[in-house]
Amino acid sequence: MEEKFENKVAVVTGGGSGIGRAIAEKLAKEGANVIIVGRTEASLKETAEADKKITYLVGDITKNETIEQIIKTVQDKFGRLDILVNNAGWCPVQPITEVTIADYDKAFSLDVRALVNMTIHALPLIREAKGNILNISSVGATHRAKNLSMYVGAKAAVENFTRVWALELAEDGVRVNAIAPGAIRTNIWNVTDLSPEEAKKHEEGIAATIPCGRFGAPEEIANVAAFLVSDEASYVSGAIYAVDGGQGAA
Ligand SMILES: NC(=O)c1ccc[n+]([C@@H]2O[C@H](COP(=O)([O-])OP(=O)(O)OC[C@H]3O[C@@H](n4cnc5c(N)ncnc54)[C@H](OP(=O)(O)O)[C@@H]3O)[C@@H](O)[C@H]2O)c1
(Lines give C-alpha, C1' and ligand atoms only; values in the text may rest on other atoms or scores of the structure.)
Protein backbone atom coordinates (compact mmCIF):
# COMPACT_ATOMS: atom_id res chain seq x y z
CA MET A 1 0.00 0.00 0.00
CA GLU A 2 1.31 3.46 -0.91
CA GLU A 3 2.28 5.58 2.08
CA LYS A 4 0.53 8.93 2.54
CA PHE A 5 3.63 11.05 1.93
CA GLU A 6 5.52 8.77 -0.46
CA ASN A 7 8.00 10.80 -2.58
CA LYS A 8 7.13 13.97 -0.66
CA VAL A 9 9.79 16.19 0.88
CA ALA A 10 9.18 18.27 4.01
CA VAL A 11 11.15 20.84 5.99
CA VAL A 12 10.30 21.22 9.68
CA THR A 13 11.99 24.09 11.51
CA GLY A 14 12.66 23.36 15.18
CA GLY A 15 12.24 19.67 14.39
CA GLY A 16 14.68 18.46 17.04
CA SER A 17 12.31 18.83 19.97
CA GLY A 18 8.73 19.15 21.16
CA ILE A 19 6.00 19.76 18.59
CA GLY A 20 8.43 19.98 15.64
CA ARG A 21 9.96 16.64 16.51
CA ALA A 22 6.55 14.97 16.78
CA ILE A 23 5.54 16.41 13.40
CA ALA A 24 8.81 15.32 11.76
CA GLU A 25 8.45 11.80 13.17
CA LYS A 26 4.83 11.51 12.05
CA LEU A 27 5.53 12.71 8.48
CA ALA A 28 8.57 10.43 8.18
CA LYS A 29 6.60 7.45 9.52
CA GLU A 30 4.03 8.06 6.80
CA GLY A 31 6.68 8.12 4.06
CA ALA A 32 8.00 11.68 3.72
CA ASN A 33 11.66 12.62 3.53
CA VAL A 34 11.99 15.19 6.30
CA ILE A 35 14.73 17.76 6.88
CA ILE A 36 14.75 19.17 10.39
CA VAL A 37 16.58 22.33 11.44
CA GLY A 38 17.62 23.76 14.80
CA ARG A 39 20.64 25.09 16.67
CA THR A 40 21.28 22.07 18.91
CA GLU A 41 22.98 19.21 17.10
CA ALA A 42 22.45 16.61 19.85
CA SER A 43 18.66 16.74 19.75
CA LEU A 44 18.53 16.91 15.95
CA LYS A 45 20.87 13.92 15.69
CA GLU A 46 18.83 11.91 18.18
CA THR A 47 15.64 12.64 16.21
CA ALA A 48 17.25 11.73 12.89
CA GLU A 49 18.77 8.53 14.27
CA ALA A 50 15.29 7.30 15.20
CA ASP A 51 14.10 7.34 11.57
CA LYS A 52 16.24 7.09 8.45
CA LYS A 53 13.78 9.27 6.50
CA ILE A 54 14.80 12.21 8.72
CA THR A 55 17.95 14.23 8.04
CA TYR A 56 19.11 17.31 9.88
CA LEU A 57 20.82 20.61 9.39
CA VAL A 58 22.29 22.60 12.28
CA GLY A 59 21.67 26.33 12.05
CA ASP A 60 20.02 29.44 13.41
CA ILE A 61 17.06 30.33 11.19
CA THR A 62 17.20 33.99 12.24
CA LYS A 63 20.31 34.11 10.02
CA ASN A 64 19.88 34.51 6.27
CA GLU A 65 22.71 32.09 5.53
CA THR A 66 20.95 29.26 7.39
CA ILE A 67 17.79 29.75 5.35
CA GLU A 68 19.80 29.76 2.12
CA GLN A 69 21.62 26.62 3.26
CA ILE A 70 18.33 24.83 3.99
CA ILE A 71 17.02 25.53 0.49
CA LYS A 72 20.32 24.51 -1.13
CA THR A 73 20.35 21.26 0.86
CA VAL A 74 16.78 20.48 -0.18
CA GLN A 75 17.60 21.25 -3.83
CA ASP A 76 20.81 19.20 -3.87
CA LYS A 77 19.46 16.23 -1.93
CA PHE A 78 15.89 15.93 -3.19
CA GLY A 79 15.31 18.50 -5.96
CA ARG A 80 11.85 19.30 -4.63
CA LEU A 81 9.95 20.62 -1.61
CA ASP A 82 6.31 19.73 -0.96
CA ILE A 83 5.74 20.74 2.65
CA LEU A 84 7.12 23.56 4.80
CA VAL A 85 6.31 23.47 8.51
CA ASN A 86 7.25 26.81 10.11
CA ASN A 87 7.37 25.51 13.66
CA ALA A 88 10.44 26.97 15.43
CA GLY A 89 9.38 29.54 18.00
CA TRP A 90 10.09 30.99 21.40
CA CYS A 91 7.70 32.31 24.04
CA PRO A 92 8.96 35.25 26.12
CA VAL A 93 6.99 35.88 29.33
CA GLN A 94 7.31 39.46 30.65
CA PRO A 95 5.03 42.37 31.51
CA ILE A 96 5.42 45.37 29.18
CA THR A 97 6.97 47.30 32.10
CA GLU A 98 9.97 44.96 31.79
CA VAL A 99 10.17 44.43 28.04
CA THR A 100 13.19 45.95 26.33
CA ILE A 101 13.54 46.51 22.62
CA ALA A 102 16.14 43.73 22.64
CA ASP A 103 13.43 41.37 23.97
CA TYR A 104 11.13 42.49 21.16
CA ASP A 105 13.90 41.90 18.60
CA LYS A 106 14.61 38.42 19.98
CA ALA A 107 10.96 37.35 19.87
CA PHE A 108 10.12 38.84 16.50
CA SER A 109 13.35 37.76 14.78
CA LEU A 110 12.40 34.12 15.33
CA ASP A 111 8.61 33.99 15.62
CA VAL A 112 8.00 36.43 12.74
CA ARG A 113 11.04 37.37 10.66
CA ALA A 114 12.52 33.87 10.34
CA LEU A 115 9.11 32.44 9.44
CA VAL A 116 8.68 35.03 6.68
CA ASN A 117 12.24 34.57 5.43
CA MET A 118 11.89 30.79 5.38
CA THR A 119 8.62 31.07 3.47
CA ILE A 120 9.98 33.53 0.89
CA HIS A 121 12.95 31.30 0.14
CA ALA A 122 10.94 28.06 0.06
CA LEU A 123 8.16 29.42 -2.16
CA PRO A 124 9.68 28.76 -5.60
CA LEU A 125 10.01 25.06 -4.76
CA ILE A 126 6.66 24.87 -2.95
CA ARG A 127 4.89 26.48 -5.93
CA GLU A 128 6.64 24.15 -8.36
CA ALA A 129 5.42 21.15 -6.34
CA LYS A 130 1.96 22.67 -5.72
CA GLY A 131 2.77 21.96 -2.11
CA ASN A 132 1.66 23.55 1.11
CA ILE A 133 2.77 25.51 4.15
CA LEU A 134 1.82 24.94 7.78
CA ASN A 135 2.56 27.67 10.33
CA ILE A 136 2.54 26.96 14.05
CA SER A 137 0.74 29.77 15.85
CA SER A 138 -0.70 29.69 19.39
CA VAL A 139 -4.06 29.89 21.11
CA GLY A 140 -2.59 33.11 22.56
CA ALA A 141 -2.90 34.86 19.19
CA THR A 142 -6.64 35.23 19.79
CA HIS A 143 -6.97 34.48 23.53
CA ARG A 144 -4.63 36.91 25.20
CA ALA A 145 -3.05 36.68 28.64
CA LYS A 146 -0.95 39.02 30.76
CA ASN A 147 2.85 38.95 30.33
CA LEU A 148 2.69 37.50 26.81
CA SER A 149 2.40 40.63 24.66
CA MET A 150 5.54 40.02 22.58
CA TYR A 151 4.57 36.39 21.96
CA VAL A 152 0.88 36.85 21.19
CA GLY A 153 1.67 39.89 19.03
CA ALA A 154 4.07 37.78 17.00
CA LYS A 155 1.61 34.89 16.68
CA ALA A 156 -1.20 37.27 15.65
CA ALA A 157 1.05 38.29 12.76
CA VAL A 158 1.60 34.62 11.92
CA GLU A 159 -2.15 34.01 11.72
CA ASN A 160 -2.70 36.99 9.44
CA PHE A 161 0.20 35.95 7.21
CA THR A 162 -1.40 32.51 6.98
CA ARG A 163 -4.68 33.90 5.75
CA VAL A 164 -3.23 36.42 3.28
CA TRP A 165 -0.75 33.90 1.85
CA ALA A 166 -3.61 31.42 1.44
CA LEU A 167 -5.49 34.03 -0.61
CA GLU A 168 -2.46 34.91 -2.70
CA LEU A 169 -1.19 31.40 -3.37
CA ALA A 170 -4.46 29.60 -4.04
CA GLU A 171 -4.18 30.27 -7.79
CA ASP A 172 -0.84 28.43 -7.75
CA GLY A 173 -2.45 25.39 -6.12
CA VAL A 174 -0.58 26.10 -2.87
CA ARG A 175 -2.45 25.75 0.46
CA VAL A 176 -1.42 27.64 3.61
CA ASN A 177 -2.79 26.75 7.05
CA ALA A 178 -1.89 27.15 10.70
CA ILE A 179 -2.35 25.26 13.92
CA ALA A 180 -2.97 27.23 17.10
CA PRO A 181 -1.84 24.89 19.87
CA GLY A 182 -2.93 25.36 23.45
CA ALA A 183 -0.64 24.37 26.32
CA ILE A 184 1.51 21.49 25.11
CA ARG A 185 4.04 19.74 27.33
CA THR A 186 7.39 20.70 25.76
CA ASN A 187 10.63 22.40 26.70
CA ILE A 188 9.26 25.83 25.69
CA TRP A 189 7.90 26.11 29.23
CA ASN A 190 11.45 25.87 30.61
CA VAL A 191 13.12 28.60 28.52
CA THR A 192 11.08 31.63 29.55
CA ASP A 193 13.70 33.63 31.52
CA LEU A 194 11.38 33.26 34.58
CA SER A 195 12.57 32.03 37.96
CA PRO A 196 11.40 28.45 38.77
CA GLU A 197 8.75 29.87 41.16
CA GLU A 198 7.47 32.39 38.59
CA ALA A 199 7.45 29.69 35.89
CA LYS A 200 5.38 27.39 38.12
CA LYS A 201 2.89 30.18 38.82
CA HIS A 202 2.66 31.05 35.10
CA GLU A 203 2.07 27.39 34.21
CA GLU A 204 -0.57 26.92 36.92
CA GLY A 205 -2.39 30.05 35.74
CA ILE A 206 -2.57 28.69 32.19
CA ALA A 207 -3.50 25.16 33.33
CA ALA A 208 -6.53 26.54 35.16
CA THR A 209 -7.96 27.80 31.84
CA ILE A 210 -7.90 24.45 29.99
CA PRO A 211 -11.35 22.83 29.81
CA CYS A 212 -9.88 19.35 29.15
CA GLY A 213 -8.01 19.71 32.44
CA ARG A 214 -4.58 18.77 31.17
CA PHE A 215 -1.69 19.86 28.98
CA GLY A 216 -1.59 18.36 25.49
CA ALA A 217 1.12 16.12 24.06
CA PRO A 218 3.21 17.07 21.00
CA GLU A 219 1.78 14.02 19.19
CA GLU A 220 -1.69 15.53 19.49
CA ILE A 221 -0.48 18.49 17.40
CA ALA A 222 1.36 16.18 14.98
CA ASN A 223 -1.83 14.21 14.23
CA VAL A 224 -3.61 17.36 13.04
CA ALA A 225 -0.48 18.65 11.26
CA ALA A 226 -0.20 15.42 9.25
CA PHE A 227 -3.80 15.81 8.14
CA LEU A 228 -3.40 19.47 7.16
CA VAL A 229 -0.28 18.93 5.03
CA SER A 230 -1.77 15.85 3.31
CA ASP A 231 -4.06 15.59 0.29
CA GLU A 232 -6.86 14.65 2.68
CA ALA A 233 -7.00 18.39 3.43
CA SER A 234 -7.03 19.34 -0.28
CA TYR A 235 -9.89 21.84 0.23
CA VAL A 236 -8.49 23.37 3.44
CA SER A 237 -6.59 26.63 3.08
CA GLY A 238 -6.37 29.80 5.15
CA ALA A 239 -7.57 27.83 8.19
CA ILE A 240 -6.33 28.23 11.74
CA TYR A 241 -6.90 24.91 13.53
CA ALA A 242 -7.30 25.12 17.31
CA VAL A 243 -5.72 22.11 19.02
CA ASP A 244 -5.99 23.28 22.58
CA GLY A 245 -8.15 21.06 24.77
CA GLY A 246 -10.97 23.58 24.40
CA GLN A 247 -8.97 26.53 25.77
CA GLY A 248 -9.86 28.75 22.82
CA ALA A 249 -13.57 27.96 22.98
CA ALA A 250 -14.19 30.57 25.67
N1 LIG B 1 4.33 24.08 23.87
C2 LIG B 1 3.30 24.90 23.88
O3 LIG B 1 2.56 24.98 24.89
C4 LIG B 1 2.98 25.75 22.68
C5 LIG B 1 1.75 26.41 22.64
C6 LIG B 1 1.43 27.21 21.55
C7 LIG B 1 2.33 27.31 20.50
N8 LIG B 1 3.52 26.67 20.55
C9 LIG B 1 4.43 26.83 19.43
O10 LIG B 1 4.91 25.58 19.00
C11 LIG B 1 6.17 25.74 18.35
C12 LIG B 1 7.15 24.68 18.86
O13 LIG B 1 7.41 24.90 20.23
P14 LIG B 1 7.58 23.72 21.28
O15 LIG B 1 6.52 23.88 22.28
O16 LIG B 1 7.73 22.42 20.57
O17 LIG B 1 8.93 24.15 22.01
P18 LIG B 1 10.45 23.68 21.84
O19 LIG B 1 10.58 22.25 22.12
O20 LIG B 1 11.24 24.65 22.64
O21 LIG B 1 10.68 23.88 20.30
C22 LIG B 1 11.19 25.06 19.71
C23 LIG B 1 12.13 24.59 18.61
O24 LIG B 1 12.58 25.72 17.88
C25 LIG B 1 13.98 25.60 17.70
N26 LIG B 1 14.57 26.92 17.59
C27 LIG B 1 14.53 27.94 18.50
N28 LIG B 1 15.21 28.97 18.07
C29 LIG B 1 15.72 28.65 16.86
C30 LIG B 1 16.53 29.32 15.91
N31 LIG B 1 16.95 30.57 16.12
N32 LIG B 1 16.89 28.66 14.78
C33 LIG B 1 16.47 27.38 14.55
N34 LIG B 1 15.67 26.71 15.42
C35 LIG B 1 15.31 27.33 16.54
C36 LIG B 1 14.48 24.89 18.95
O37 LIG B 1 15.71 24.21 18.74
P38 LIG B 1 17.13 24.84 19.21
O39 LIG B 1 16.89 25.50 20.53
O40 LIG B 1 18.02 23.66 19.25
O41 LIG B 1 17.48 25.81 18.13
C42 LIG B 1 13.36 23.89 19.20
O43 LIG B 1 13.58 22.69 18.50
C44 LIG B 1 6.60 27.18 18.61
O45 LIG B 1 6.33 27.99 17.48
C46 LIG B 1 5.69 27.60 19.76
O47 LIG B 1 5.47 29.00 19.80
C48 LIG B 1 3.86 25.89 21.62
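State the number of residues belonging to the range 72-95 that are in contact with a Gly (Cβ under 8 Å, 6 or more places away or on another chain) and of a type in the set (D, E, K, R).
The total comes to 1.
Can you name every residue in the range 11-23 that is near the ligand (Cβ under 10 Å from one of its atoms) and either aromatic (F, W, Y) or closer than 22 Å to N132 by Cβ (or both)?
Within the range 11-23, V12, T13, G14, G15, G18, I19, G20, R21, A22, I23 qualify.
Can you go through I210, I240 and tell me which one is of a type in the set (A, V, I, L, M), surrounded by 13 or more Cβ atoms within 10 Å (Cβ to Cβ) and in contact with a strand residue (DSSP E or B) (Cβ under 8 Å, 6 or more places away or on another chain)?
I240
Mind listing whichever residues of the range 189-205 are among the hydrophobic types (A, V, I, L, M, F, W, C) and surrounded by fewer than 18 Cβ atoms within 10 Å (Cβ to Cβ)? Even if it seems obvious, please write down each step before you answer.
Going residue by residue through the range 189-205, those that are among the hydrophobic types (A, V, I, L, M, F, W, C) are 189, 191, 194, 199.
Those that are among the hydrophobic types (A, V, I, L, M, F, W, C) and surrounded by fewer than 18 Cβ atoms within 10 Å (Cβ to Cβ): V191, A199.
Under the condition of being among the hydroxyl-bearing types (S, T, Y) and within 28 Å of A249 (Cβ to Cβ), which residue from the range 168-201 is farthest from the ligand (Cβ to nearest atom)?
Here the answer is T192.
Quick one: in the range 32-50, which of the residues that are surrounded by 15 or more Cβ atoms within 10 Å (Cβ to Cβ) and away from the ligand (no atom under 12 Å from the Cβ) is nearest to D111 (Cα to Cα)?
I35
Restricting to the range 64-80, count the residues that are of a type in the set (D, E) and without any contact (Cβ under 8 Å) to a residue 24 or more places away in the chain.
The qualifying residues number 2.
Which of the residues that make up the range 157-204 are without any contact (Cβ under 8 Å) to a residue 60 or more places away in the chain and in contact with a Pro (Cβ under 7 Å, 6 or more places away or on another chain)?
Correct list: empty.
Taking the residues in the range 195-250 that are over 22 Å from the mean Cα position of the chain (by Cα) and outside any helix (DSSP H, G or I) as candidates, determine which candidate is modelled with the lowest pLDDT.
Per the criteria, the residue is S195.
Kindly indicate whether any position in the range 118-128 is more than 11 Å from the chain's Cα centre (by Cα), within 17 Å of K72 (Cα to Cα), modelled with pLDDT of 95 or more and among the basic types (K, R).
Yes: one or more hits.
List the residue pairs whose Cβ atoms are under 6 Å apart, where the first residue sits in the range 96-124 and is closer than 16 Å to G153 by Cα, the second is within 14 Å of the ligand (Cβ to nearest atom) and part of a helix (DSSP H, G or I), and the two are 6 or more positions apart or on different chains.
Every condition considered, the pairs that remain are Y104/M150; A107/M150; A107/A154; F108/A154; D111/A154; V112/A154; V112/A157.
For K155, are the conditions met, namely being within 30 Å of N7 (Cβ to Cβ), touching a helix residue (DSSP H, G or I) at 6+ places or on another chain (Cβ under 9 Å) and basic (K, R)?
Judged against the criteria, K155 is not a match.
The values are calculated or read from the model by the stated rules, or taken from the named source; none is laboratory data. Everything quoted here is computed from the prediction, not taken from an experiment. Note that each Cβ is placed from the backbone with ideal geometry, even for glycine, and that neighbours are counted across all protein chains shown.
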